[in-house]
Amino acid sequence: MAIYSFWIFDRHLGNCIFDREWTLKSNQSSGTTNSKLNEDTAKLLYGMVFSLRSISQKLSGEGSHNEIRTISTGKYRAHILCTASGLWFVLLSDLKQEDLSHVLRYLYSEIYVKTVVHNWFSPVDFAESDSEKRGQGFRKIRNRNFLASVERFLGPMVN
Amino acid sequence: MSANSASISASSAGPKKSLKTFGDDIWKNKTAKINAELFTLTYGSIVSQLCTDFERDFKKVNSQLYAMGYNIGVRLIEDFLARTALPRCDSLAQTSEVISKCAFKIFLNVTPQVGNWSNNKDAFSLFLDENPLSDFVELPMDAAKELWYSNILCGVLRGALEMVQMDCDVWFVNDVLRGGQSTEMRVKLNRIMKDEIPAGED
Amino acid sequence: MGDSGLASEVNEHQRLQLQFQLFQESLPKVDETIYRMLLNEAVPLAISVEKSLTHHKEDATGQLEAELDSKLALESQQGDASHKLLKDYLAADQDQQTRIKTRLENIGFQLGQKLSQLLIFSNNPNLSFKDMDLLSVMKFVCRDVWKQVFGKQIDNLKTNHRGTFYLLDYNYKPIEPFTLEEDLSDQEQKLIEPFLHVPCGMIRGVLASLGFEKEGQVTCQATLVDPPDSKQAGAGTFTKSVSFNVQVLVGR
């Protein structure tokens, strides 16, 4: 399959509340989780999706929500799911994967909802004050059910 | 990234009839169910305990029910969106239809009537003919004057709407439990919370 | 001759079963998710009430009252987020934690009483309340009550036949998704405690409504346990097993 990385941004725009990058195709436990090293990449990725999304909504005119689904470059494809609650689930994959929307849906409804939303130990709002909004947030999803579920689901798709 | 306006507006949440069918279908097929009576009893026990805790200061009970509802609402919205995959609504009118035909239907299996629109269309009422929270409930005299028994619903709506960037006030106007003609919740949109602009982009 | 008599008895029972099932299915329903959320949010609620009662005592000026009176207070009604209130629980002192526990147990107790009334009058052909001894009542809790509230029965009931019972639920649903980060498992254990007060109260409430209502006659404690090997969840499920330990003083 070849998934490279998985990112979640929340509605406090620019706040990346989860990132998981796989570095070795052959090893599904390689790579980083919620790493400071990914901060810059997260901001760039966020910026790219934000800009293209806002332009395409302007192009499609008043009163409709036209959501970006994929962005392809010469080397990779980004797959995006935007929820009405402002969450963005983003997967970066090789070009062979044309449509991973079902994977994103599963990540949202079977993993995020089950292990974050239905988990009373976890926040649903990861910005705890105004200073943590607008991309300045730093809190991440770290609960072990979520992390383990992501590994179990996406791990096999890494190679 | 083609921009075909005609096909786009056709594919956005369609006429009222399809929302109703949509909501009904999810209730029938994608919902695990429990007996409503159990729900009524549980909620009743909670309200009762609050009345004891606050020594029948019903304003405080109302407030606490609202806060409880808010905390549920901010979570429930994700469950709702994951199940329905609905996009953000284009208007308050569409929002009212989604609340009535999808949200109330899927979670409580009731479909409140939407009505009593304000002149500038920024507020509407939900009329609940049936309310599983309050089935067979009778309020004692003092409570009937001040308690909004189902106030948790106001909090739930407020919390859920806030997560989709709608800053609304939600409150009860009338309740059959208090001797009113109907059970009526009012929803008023204060403002659409603009999507925050990332720092550095403005 | 004897056969046909037995057969018709069995058929009658089956008919009643089917009738009961159809009746149950025809009852009004609501979504299970909101029920679970209502039960779960009761815990932060109890904590929030405790905070509010404590503040009120400390606030001599009565400013809190005035705040609540105005409609602007709609915003302040929002209070703290659920997970924040749980953190407050950890910081609370023993007395506060006890009061929170009592509050939750009372909710459960009331629920248990009302629920058993409901189930008694439901014409369930499997239940006969005429000669219910303690063991039958406990079985009623394990099968009928648990099925109603949690969608499944208790997995194992152990007793010493002298008033001590262990009700084992190897996959207690309401708290299944509750986890923290990897290295906070102690906190996790402590935070799960308040979520078990409502079911404990519920068990006592059922027993009280079926004759075991003397003060202090029934106590119920819940603890997390490891599931038996045969029930070990497959990799990647996060079940939580709970043992409800019920002591009933019999005799006299």
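The values are calculated or read from the model by the stated rules, or taken from the named source; none is laboratory data. Note that the structure is predicted; figures quoted are calculated from it, not measured. Positions of Cβ are generated from backbone atoms using ideal geometry, with glycine treated the same way; all protein chains shown enter the neighbour counts. Each accessible area value is taken on the protein alone, full model and side chains, heavy atoms only, with ligands, DNA and RNA left out. Shrake-Rupley method; radii C 1.70, N 1.55, O 1.52, S 1.80 Å.
Is it the case, given these coordinates, that A:Ser72 is within 12 Å of another protein chain (Cβ to nearest Cβ) and either open to solvent by less than 40 Å² (accessible area, probe 1.4 Å) or at pLDDT below 90 (or both)?
The answer is no for A:Ser72.
I'd like to know if segment C:24-45 contains one or more residues that are away from chain B (no Cβ under 12 Å) and closer than 26 Å to C:Asn124 by Cβ. Steps first, please.
Filtering segment C:24-45 down to residues away from chain B (no Cβ under 12 Å) leaves none.
No: segment C:24-45 contains no residue that is away from chain B (no Cβ under 12 Å) and closer than 26 Å to C:Asn124 by Cβ.
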Please work out which residue is farthest from B:Thr95 (Cα to Cα), limiting yourself to segment B:169-184 and to residues that are assigned to a strand (DSSP E or B) and more than 10 Å from chain C (Cβ to nearest Cβ).
B:Asn174
Is it the case, given these coordinates, that C:Ile47 is surrounded by fewer than 22 Cβ atoms within 10 Å (Cβ to Cβ), modelled with pLDDT of 85 or more, within 24 Å of the chain's Cα centre (by Cα) and among the β-branched types (Val, Ile, Thr)?
no
Evaluate the following for A:Ser29: is it surrounded by fewer than 16 Cβ atoms within 10 Å (Cβ to Cβ) and either within 13 Å of the chain's Cα centre (by Cα) or assigned to a loop (DSSP other than H, G, I, E, B) (or both)?
yes
For segment A:110-145, which positions are within 18 Å of C:Lys173 (Cα to Cα) and touching a strand residue (DSSP E or B) at 6+ places or on another chain (Cβ under 8 Å)?
A:Tyr112
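Yes/no matrix, rows are residues, columns are (1) within 11 Å of another protein chain (Cβ to nearest Cβ); (2) part of a helix (DSSP H, G or I):
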site	(1), (2)
A:Leu95	no, no
A:Asp99	no, no
A:Tyr112	yes, yes
A:Thr115	yes, yes
A:Ser122	yes, no
A:Gly135	yes, no
A:Phe146	yes, yes
A:Ser149	yes, yes
A:Arg152	yes, yes
Picking from B:Lys20, B:Lys59, which residue would you name as being more than 10 Å from every other protein chain (Cβ to nearest Cβ), open to solvent by 20 Å² or more (accessible area, probe 1.4 Å) and part of a helix (DSSP H, G or I)?
B:Lys20
Out of segment C:193-226, which residues are within 16 Å of C:Gln117 (Cα to Cα) and in contact with a Cys (Cβ under 7 Å, 6 or more places away or on another chain)?
C:Ile203, C:Arg204
For segment A:35-45, state whether one or more residues are more than 9 Å from chain B (Cβ to nearest Cβ), of a type in the set (D, E, K, R), open to solvent by 40 Å² or more (accessible area, probe 1.4 Å) and assigned to a loop (DSSP other than H, G, I, E, B).
no
What about B:Gln64, is it at pLDDT 95 or above, within 11 Å of chain C (Cβ to nearest Cβ) and more than 20 Å from the chain's Cα centre (by Cα)?
no
For segment C:122-161, give me each residue that is over 17 Å from B:Ile34 (Cβ atoms), without any contact (Cβ under 8 Å) to a residue 12 or more places away in the chain and assigned to a loop (DSSP other than H, G, I, E, B).
C:Ser128, C:Lys130, C:Asp131, C:Asp133, C:Asn160
Closer than 22 Å to B:Ser63 by Cα, of a type in the set (A, V, I, L, M) and touching a residue at least 24 places away in the same chain (Cβ under 8 Å) - does that describe any residue in segment B:190-202?
no
Members of segment A:81-109 found to be under 29 Å from C:Thr239 (Cβ atoms), open to solvent by 20 Å² or more (accessible area, probe 1.4 Å) and touching a residue at least 12 places away in the same chain (Cβ under 8 Å), listed by number:
A:Leu81, A:Arg105, A:Tyr106
From (1) free of Cβ contacts under 8 Å to residues at least 40 places away in the same chain; (2) more than 28 Å from C:Leu39 (Cβ to Cβ); (3) open to solvent by 40 Å² or more (accessible area, probe 1.4 Å), pick out the condition that doesn't hold for A:Ala78.
(3)
Of the residues B:Leu126, B:Leu81, B:Leu133, B:Leu147, only one is open to solvent by less than 20 Å² (accessible area, probe 1.4 Å) and touching a strand residue (DSSP E or B) at 6+ places or on another chain (Cβ under 6 Å); which?
B:Leu126
Only one of these is at the interface with another protein chain (Cβ under 7 Å from one of its Cβ atoms), part of a helix (DSSP H, G or I), among the hydroxyl-bearing types (Ser, Thr, Tyr) and within 23 Å of B:Asp175 (Cα to Cα): B:Ser96, B:Ser48. Name it.
B:Ser48
Considering residues that are facing another protein chain (nearest Cβ under 9 Å), open to solvent by 30 Å² or more (accessible area, probe 1.4 Å) and more than 17 Å from the chain's Cα centre (by Cα), the number found within segment C:132-183 is 2
Could you grab the pairs with beta carbons closer than 6 Å, sequence gap of 6+ or different chains, first residue in segment C:81-110 and closer than 16 Å to B:Thr52 by Cβ, second one of a type in the set (Asp, Glu) and part of a helix (DSSP H, G or I)?
C:Arg99/C:Glu50; C:Ile100/C:Glu50
